[in-house]
Amino acid sequence: MSESGQSPKHPESLGRLAESIREMKNALADRDDVVVELREASRMRLELLAQDLAPVFEETPKDSEQFDFTISSGLQPRLWIDATAHVAMGRDRRIYRFVRDTRLGRIVLAETAEMKDVADKVTRYIAERMIERERMMDGDIHPAALTVETQAAPSSTGDRWAWFLWALTFIIIGAVAGVTAVLAWLWDKLPPAIMP
């Protein structure tokens, strides 16, 4: 070691380090190129979908600010239909995922590799939103038919009572098992006068 506490610099070690740094930079550049290519492929597929949906987009009222119809940039390009619904490509970049964000989470409205199928679902979604808006403007507060059926609560009163009784039965069984376990544990600890 030198007097200053630093190791001496050897020309051959600098050459190897520089070579390693250059190799790492090349590998990172190659990886970045792949990421950019995947992003561009996703964007191109979404542009093709937007071209397929262009006649539908043209039929929507121009004065309505309800729909967006734009492709956003970023790590994952998305074709926005409105403020809550968009189409994005799946992880494999071949599957179209049409999703809608709700208060209860994200709902997948369609997931398919066929562009025509997802275009049909988007067209139906746009029609439902337009009808729903018209009905709300007319004072009708009930929403239009939903594209996706969510898991609903039991439909009839009889079903609700059956679920209630089923849950109550398990609660009672749990309480009896708990009391039995406590009594078994305390059995040796009870004073002899209490025991028969």
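The values are calculated or read from the model by the stated rules, or taken from the named source; none is laboratory data. Predicted model, so just to flag it, every value in this text is computed and none were measured. Every residue, glycine as well, gets a Cβ built from its backbone with ideal geometry; the counts of neighbours run over all protein chains shown. Quick note on the areas: whole protein, heavy atoms, side chains included, nothing else; ligands and nucleic acids left out. Shrake-Rupley method; radii C 1.70, N 1.55, O 1.52, S 1.80 Å.
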Condition set of a type in the set (G, A, S) and not in a helix (DSSP H, G or I), scope segment 120-150, selection modelled with the highest pLDDT: answer is G139
Report task. Could you tell me whether R78 is touching a residue at least 24 places away in the same chain (Cβ under 8 Å) and of a type in the set (D, E, K, R)? Result -> yes
Matching residues in segment 50-75 (buried (at least 17 other Cβ atoms within 10 Å of the Cβ), in contact with a strand residue (DSSP E or B) (Cβ under 6 Å, 6 or more places away or on another chain) and in contact (Cβ under 8 Å) with a residue 60 or more places away in the chain) number 1
Those residues of segment 76-133 that are closer than 23 Å to D63 by Cβ, open to solvent by less than 20 Å² (accessible area, probe 1.4 Å) and out of contact with any Pro (no Cβ under 9 Å at 6 or more places or on another chain) come to a total of 9
